[in-house]
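Written below as structure tokens is the structure these notes are about.
The values are calculated or read from the model by the stated rules, or taken from the named source; none is laboratory data. Just so we're clear, the structure is a prediction, and the values are computed from it rather than from any experiment. Cβ sites come from the backbone with ideal geometry, for glycine too, and all protein chains shown count toward neighbours. Calculation scope for accessible area: heavy atoms of the full protein, side chains included, ligands and nucleic acids excluded. Shrake-Rupley method; radii C 1.70, N 1.55, O 1.52, S 1.80 Å.
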Amino acid sequence: ITTLEPPTHENLIIVLSINGGGIRGIIPGFILNFLEFELQKIDGPEARIADYFDVIAGTSTVGLVTTMPTAPNENKRPMYSAKDIKAFYFDNGPKIFPQDRSPFAQATKLIKAITGPKCDGKYLHSLLKEKLGNTQLHHTLTNVVIPTFDMKQLQPAIFSSYEVKNHAHFDALLSDICFGTSAAPTYFPAHNFDTKDSTGRVRKFNLIDGGVAANNQALIAIGEVTKEINRGSPNFSSIKTADYGRFLVLSLGTGSTKVDEKYTAKEAAWWGIFGWLTSGHSAPLVDVFTQASADIVDFHISVVFKALDCENNYLRILDDTLEGEVSSVDISTKENMENLAKVAEGLLKKPASRVNLEMGNLEPSKHETNEEALISFAKLHSKEKHCRETSSLQK
């Protein structure tokens, strides 16, 4: 098994986007495991997610789900398979998001909301260093795009495999990038580090979670490819800049709360700092900006793909009916993680959905389930990979 040849000729550009969501990263991890298993049915047990996507984008703690299947081992193959993602969360989730079960837990939660983030991030940072070592962005086995937000610059900092070729200061350690994009406000501390370009010039980064700017990275991934096309990259020599019909996009969400679990203006009208940061199972302020950015991207892509008569090239898998503890981003008890795995398993059986362009809500398909859609995607991915390999051999 080799990694994917570039889409030089009349090929699709295959994009995987994974939304942020803390411990709910178990859900897209489970979905990816299913997709990888289907690919292995076709191409053998060594098939891996990184072998089939031109670019993989992710943010927040799901930046881990982006780098785990793309970071190379000593044999230049993916360090982790998709099935390792679930085990990673179950083994490390309780230490990344430690739970306070004392009688004073609620009081402690309120104090932390005032004095600092819920978690100190020390375990996560050391774990990333241990797992990813000295692996830098340019080492990944396929292109990755990981958005962060630079507090010093007050603008997004997008760590992109495409940008590394032109701006060496983005070639940071994957461990630093992942910790930076995981630094969700109120949950983890902001992260700072320096990089150097080939001339020794230092670039300082002061990062928080990229989800504050883009919690659905599909559009950013498409944008990064488009910039590469504009630069005249030989990998995209036959592709027009606005040729969206050539994109095949799989977008995985970590879920959102069901309608009757969401907040109302009546209850939010008198919230102060405690209400916006501590109501329910998570921080409403964080929920609002992450969900808003994810949904607006979903809506935009749906409109564009439909206008270009290629709406079947965009598959969005998301459960918007979460309630109770599974809707939290940081409840890492064994019971909750097992329930999140059950949510993912149930999501596969649900009808595939598309956004209603009039109402903005998701509507179920009458034609296929998410499981069936992923099986179709696996067949198309395999066909595309072998088509490119054949074209490459004929050069």
Towards the positive end of the charge dipole of the stretch 49-186, with charges on Cβ (+1 Lys, Arg; -1 Asp, Glu), say which of Ser161, Val55, Leu124 has the farthest Cα.
Leu124
10 °C / 1.306 mPa s Stokes-Einstein diffusion coefficient of the chain, Kirkwood radius on C-alpha pairs, µm²/s:
74 µm²/s
With both bridge residues required to lie in the chain, what share of the DSSP beta bridges run antiparallel, to the nearest 5%?
55 percent
Over the chain, with neighbouring protein chains present, the accessible area per residue in Å² at probe 1.4 Å is 45 Å²
Ordering 222-234, 135-147 by per-residue average of other C-beta atoms within 10 angstrom, highest first, gives 135-147, 222-234
Students often forget the sequence filter, so: which aspartates and glutamates lie under 18 Å Cα-Cα from Lys334 once same-chain residues fewer than 8 apart are removed?
Asp84, Asp91, Asp100, Glu323, Glu325, Glu345
Under the 0.36 nm per residue contour assumption, what length would be gained going from the current alpha-carbon distance of Lys342 and Thr264 to full extension?
25.2 nm
As a check on your grasp of the helix formula, calculate [θ] at 222 nm for the chain: sum -39500 (n - 2.57) over DSSP H runs of n ≥ 4, divide by the residue count, round to the nearest 500.
-12500 deg cm²/dmol
If every Lys and Arg gets +1 and every Asp and Glu gets -1 at its Cβ, then about the Cα centre the stretch 14-143 yields a dipole, in debye to the nearest 20, of 600 debye
Per-peptide average of other Cβ atoms within 10 Å, ordering 127-133, 386-392 highest first:
127-133, 386-392
For the stretch 40-193: Kirkwood Rh in Å [reciprocal of mean 1/r, alpha carbons]
16.7 Å
If you add up the charges near Pro28, with Lys and Arg at +1 and Asp and Glu at -1, over every other residue whose beta carbon is less than 11 angstrom from its beta carbon, what do you get?
+1
Check: the chain dipole with +1 on Lys, Arg Cβ and -1 on Asp, Glu Cβ, in debye:
720 debye
Applying the gyration tensor rule to the Cα atoms of the stretch 145-206 (axes a ≥ b ≥ c; rounded if a/c under 1.5, else prolate if a/b exceeds b/c, else oblate), the class is prolate
How would you rank 266-273, 320-327, 149-156, 31-38, highest first, on the average number of other Cβ atoms within 10 Å across their residues?
31-38, 320-327, 149-156, 266-273
What are the membrane-span-like helices in the chain by this rule: whole DSSP H runs, Cα extent along the axis at least 27 Å, mean Kyte-Doolittle hydropathy at least 0.0?
284-307
Within straight-line cross-link reach of Lys385, aspartates and glutamates at Cα separation under 17 Å, skipping those fewer than 8 residues along the same chain
Glu5, Glu10, Glu36, Glu38, Asp43, Glu46, Asp51, Asp54
Long pairs among Lys95/Lys129; Lys83/Lys122; Lys86/Lys379; Lys129/Lys342, criterion Cα-Cα beyond 19 Å:
Lys83/Lys122; Lys86/Lys379; Lys129/Lys342
What net charge is computed for the residues neighbouring Met337, neighbours being all others with C-beta under 14 Å from the C-beta of Met337, Lys and Arg scored +1, Asp and Glu -1?
-1
Once the piece of chain linking Glu311 and Lys129 is laid out straight, how much longer is it, given 0.36 nm per residue of separation minus the C-alpha distance between them?
61.5 nm
